[in-house]
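In what follows, a single structure is set out as structure tokens and then discussed.
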Amino acid sequence: MSNKFYITTPIYYVNDNPHIGHTYTTVASDVLARFHRMLSQEVFFSTGTDEHGAKIQEKANEAGKDPKVWADEISANFQFAWDELDISHDRFIRTTEEGHKQAVQKALQQMYDKGDIYLGEYEGLYCQGCEQYKSETDLVDGKCPDHGVEPEVIKEESYMFKMSGYQDRLYEAIKRDELEIRPVERKNEVLSFYEREGLKDISFSRQKVKWGIPLPWDESHTAYVWSDAFLNYLTVLGWEGTAGQTPEMWPAEIQIMSKDILRVHATIWPAMLLSLGLDLPKKLFIHGFFLVDGQKMSKSLGNVVTPAALKEKYGVDGARALLIGSASFGYDGDVSWEKLGERFNAQLANGIGNLVSRVLSLTEKNLDSKVPEVDIKECGEMTLRQEKKKKGGDDFLKLSAQVKESYLAKMEKLELDEAWEEIIRLTGHLDKHISDFELWKLIKEDKEEGARHIYSLLESIRQLAWLAWPFIPETAEKIWVSLGLDPGEEMSQDFNKALNWGGLKSGTLVHKGEPLFPRL
Ligand code: MSP
């Protein structure tokens, strides 16, 4: 595994405020970014806002505002939402930044100079919601299936990008996984698009749209909003628009998005990279779409779920964990407040929160709040379930190794929700151990034996916090603090070493603290 890990989210349109869909993409990307940081990789995680184009110009007009003023407001709302959810991006980029605009102009100029952009006339069906031209086969009953509106016919002089020249090279790259597209169904969908329709030259400028980056060689045109937007993935790294000059973190290890913008990411974007003499991203990962109560979110239905509402109800980490658990990563999800609430209580309040509180209470009440003096290795070898005691069953060491192994395998395969489930399963095992051995009684009857059990549980919770950290960082750190550990010091360790049994030293003072996830 290379030590560099560059991960991107799409940059979101500022036509509207963030909702659960954007939040899901961003939280999932954050989990991956944090996971790779936890494995001591050099991570760069980017997100931002896409601020030009007809759609945004129109929104600003409707609101009676200057488009830049409008964009400033909505972009700030995105930044605020991500800060509120502990998103750990290294940089938030806005396409209205001067540096980005200059780099886009420089890059397009070079594509023009080399003959990859030429003047033509374009006639096509344009969906402003998608900011994309559509072919007849994309439409359902004459309407864009994503936006439910009939696209408008646009016929104007336009600079065209000679995308057709990259068909064969890209088809092969995708087929051979040089540019990996996952899940594999999505890859096949893209390949069949290449086979069926192929790459055609596309309109790369608009004369009528004033809210955009002017083309340097002909300022009566602005750059097509997607050509501007895609380059954010490079300019966010400080790229100044020079063809053939690769920013240090490029290529991206993984670009996360949903299926609505897969096609453009698998055609226009890589074709632009080839034209600019840069490497293709290594992987596009496409997650599913969220419905709310089985329906598409819309203002008119009043079912839009916002990140602020999620945070208010479930707290930062509650919101993060519930989002990840709401869909199998790569496939569609359906959320409802009822289901979210049930899962909050089951996994967080009665799950992780209750377990940590039980173990710490036992320690406070029976062991003077101290990690007991025990033979640590012996504790690790202690059998987990009473009924297995005589036959010899799984012990804490085995459980810890097994959970770590399947957690890592699932994270590597990007099965984020499954990796989260491992943490919940571990929680269940530990909780069951307390009940199976009736530890509240055992510790009174046989203090030495009880203390060994309690050590094993405290140490397992320390480890659980490691696995949980990418998902629920604030809670993981609270757990370490309760265990008398310094989160900074804990995190400064190498992941594999940290997960060796016995990180928790006897004699350390613990304290229970506030409930981690108060019941709803
Ligand atoms: N601005 C473009 C992207 C440019 S990237 C160079 C754009 N913006 S967007 O605001 O419409 O964001 C689309 C993305 O937001 C989706 O690909 C997905 O990541 C996320 N989601 C928006 N709605 C969603 C759902 N209902 N469900 C899941 N995610 C969705 O397209």
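Values in this text are rule-based calculations from the coordinates and carry no lab data. From a predicted model like this one, the values you see are computed outputs, not experimental measurements. Quick reminder, even Gly has a Cβ in these numbers, built from the backbone with ideal geometry, and neighbours come from all protein chains shown.
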| field | Residues in region 203-226 that a label on LEU119 would reach, taking backbone N under 20 Å of a point 7 Å out along Cα→Cβ | value | 203-210, 213-224
| request: Could you tell me which Cys residues in the chain have no other cysteine's Cβ under 4.7 Å from their own Cβ, answering none if every one has a partner? | output: CYS379
| Selection of GluC sites (Glu not before Pro), region 325-377, meeting DSSP coil and at most 16 other Cβ within 10 Å | GLU373
| Binning every alpha carbon pair distance of the chain at 10 Å from zero, what are the percents per bin? | 4, 17, 26, 22, 14, 9, 6, 2, 0
| said: I'm a student and want to see the number: the projected area of the Cα convex hull of region 277-322, averaged over all directions, in nm². | reply: 5.8
| said: Percent of Cα-Cα pairs more than 21 Å apart in region 1-115, please. | reply: 47
| task | Given a cut-off of 23 Å, name the pairs among LYS134/LYS283; LYS432/LYS512; LYS106/LYS210; LYS313/LYS370; LYS175/LYS282 whose C-alpha atoms lie farther apart than that in the structure shown. | result | LYS134/LYS283; LYS313/LYS370
| task | Evaluate Rg over Rh across region 4-287, taking Cα atoms for both radii and Kirkwood's formula for Rh. | result | 0.93
| Packing rank of 492-502, 314-324, where each peptide gets the mean count of other beta carbons within 10 Å, highest leading | 314-324, 492-502
| note | Dividing the helical contributions, -39500 (n - 2.57) per DSSP H run of n ≥ 4, by the residues of the chain yields a 222 nm value, nearest 500 deg cm²/dmol, of -14000 deg cm²/dmol
| field | Volume per residue of the C-alpha convex hull in region 357-490, rounded to whole Å³ | value | 110
| task | Treat region 193-290 as a sphere of radius equal to its Kirkwood radius over Cα pairs and apply Stokes-Einstein at 10 °C in a medium of 1.306 mPa s; give the translational diffusion coefficient in µm²/s, rounded to a whole number. | result | 107
| Roughly how many whole Å is it from the C-alpha centroid of region 251-283 to that of region 47-70? | 25
| note | Long-range alpha-carbon pairs in region 289-345, meaning those over 15 Å apart, account in percent for 47
| query | What are the residues whose amide H is under 5 Å from the amide H of HIS221, where those residues sit 5 or more places off or on another chain and H is modelled from the backbone? | reply | LEU215
| note | Calc'd 3J(HN,Hα), region 351-365, phi into Karplus 6.51 cos²θ - 1.76 cosθ + 1.60 (θ = phi - 60°), Hz, glycine/Pro = x, comes to x, 4, x, 5, 4, 4, 5, 4, 5, 5, 4, 4, 5, 5, 6
| Here are some pairs, LYS365/LYS478; LYS59/LYS259; LYS59/LYS162; LYS365/LYS505; LYS65/LYS101; which of them have Cα atoms lying more than 28 Å apart in this structure? | LYS59/LYS162
| Taking the mean number of other Cβ atoms within 10 Å as a proxy for protection, how do you rank 68-77, 140-149 from highest to lowest? | 68-77, 140-149
| said: Out of the trypsin sites (Lys or Arg not before Pro) in region 388-490, which ones are loop residues according to DSSP with at most 16 other C-beta atoms within 10 Å? | reply: LYS389, LYS390, LYS391, LYS413
